[in-house]
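Before any comments, here is the structure.
Readers should treat all values here as calculations from the given coordinates under stated rules, not as data from a laboratory. Owing to the predicted nature of the structure, the values given are computational and were not obtained by experimental measurement. Note that we place each Cβ from the backbone using ideal geometry, even for glycine, and neighbour counts take in every protein chain shown.
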Ligand SMILES: Nc1nc2c(ncn2[C@@H]2O[C@H](COP(=O)(O)OP(=O)(O)OP(=O)(O)O)[C@@H](O)[C@H]2O)c(=O)[nH]1
Ligand SMILES: [Mg+2]
C-alpha cells in the first residue's frame, strides 16, 4: 500500500528539520507532504532543504488565509490526486511520535477506514500538559462523543491514518470547520457514511518542547458550538448537512 503523511506547519522552524529526519528514519517507506502557510520563520525553506537531502518530501506552500483545516484539506486532495491509498496526518512538534506512524498506517486495511492515535483509548497517555488543558480536552472530547454518538473517544487527535476511499467519499470542500472542530467534523462524517470502521490506537501525546502554540479560545468556542449544532441535527434532522445520506 502506498502511504503518505501530511504535516501541516506554521512557524515550526525549531522542530521541522529534526522532525523530518526522525520521520524518515522511523518510517522510510512513507512519503511526506509538508503543507506550510507561508510561515514567517522560514519553516518551508528548512523543509525544502531537508527534503532535497532525504528525498520523498514534498513541500506545499500556501498563500492567503492560514488555517490548519484548510491546509490539511488541500494536502489531502493532493495526496488523493497522487494516488496514495493510505493518507496520514501528524503534527510537526513531536507531540505525535514518529516511531508510531508506521504502526498507525498499517491499521488501515480492508474494513478499517480510519485509525486514530488516541489519548483517550485505554492505555493512552498525555505528557506535560497543564491541568487546565487536560480538563478542556478531556471534557471537550467527552461532550463531542455524547453529542455525536461517536464510538471512539479521541475526536480531536490530529494523529490519524485514513483510507483514500474514506477521504474520497467525503466532499472535503463541504467541510466547514477549522481547528479541532475540523478533526471532529471529518471523523463524524466518515463514521456516519459507513465506509468502514474507525479504530483507535493508544498513544503517548507529549506537549511541544519548542515553538509556540496556535491554539486559542476562539477555536475552542467554535468547536463547542459546531458540535452542539451537529448534535441537534443528529437528533432532530434540523440542518441535516452532516447526517447519513
Ligand atoms: N499549515 C498550517 N499548519 C498549522 C496552522 N496552525 C497550526 N498548524 C500546524 O498544525 C500542527 C498542530 O498545531 P499546534 O499549534 O501544535 O496545535 P496543538 O498541538 O493543539 O497546540 P500546541 O502543541 O500546544 O501548540 C502543528 O504542526 C502546527 O505547526 C496553520 O494555520 N496552517
Ligand atoms: Mg501541537
Just 160, 235, 61 to compare: in a GNM of the chain, with alpha carbon springs under 10 Å, which one fluctuates most? 235
Extension gain from residue 41 to residue 127, taking 0.36 nm per residue of separation minus the Cα-Cα distance: 28.3 nm
Remind me, relative contact order of region 134-245 in percent, using alpha carbon pairs under 8 angstrom and six or more residues apart? 31 percent
If each of residue 99 and residue 139 carries a label point 7 Å out from its Cα toward its Cβ, how far apart are those two points in nm? 3.4 nm
Rounded to the nearest 10 degrees, the helix 131-148 long axis (Cα) sits at an angle to the longest Cα principal axis of the chain of 50 degrees
What angle, in degrees between 0 and 90 and rounded to the nearest 10, separates the Cα long axis of helix 16-26 from the longest principal axis of the Cα atoms of the chain? 80 degrees
Mean Cβ-within-10 Å packing, highest first, puts peptides 64-70, 122-128, 195-201 in the order 195-201, 64-70, 122-128
Measure nothing but the geometry: give the 0 to 90° angle between the long axis through the Cα atoms of 68-81 and the longest principal axis through the Cα atoms of the chain, rounded to 10°. 80 degrees
Could you tell me the distance between the Cα centroids of region 133-207 and region 14-86, to the nearest Å? 21 Å
Using 0.36 nm per residue of separation minus the Cα-Cα distance, give me the extension gain between residue 26 and residue 77 in nm, one decimal. 15.9 nm
If you take every DSSP beta bridge whose two residues both sit in the chain, what share of them, in percent to the nearest 5, is antiparallel? 25 percent
Along each principal axis, Cα extent of region 131-245, largest first, Å: 43, 29, 25
In whole percent, the Cα-Cα distances of region 10-132 spread across 10 Å bins from 0 upward as 12, 40, 36, 11, 0
Please work out, to two decimal places, the log10 of the ratio I(q)/I(0) at q = 0.12, 0.14 Å⁻¹ from a Debye calculation in which every Cα of region 3-240 carries one identical scatterer. -0.63, -0.88
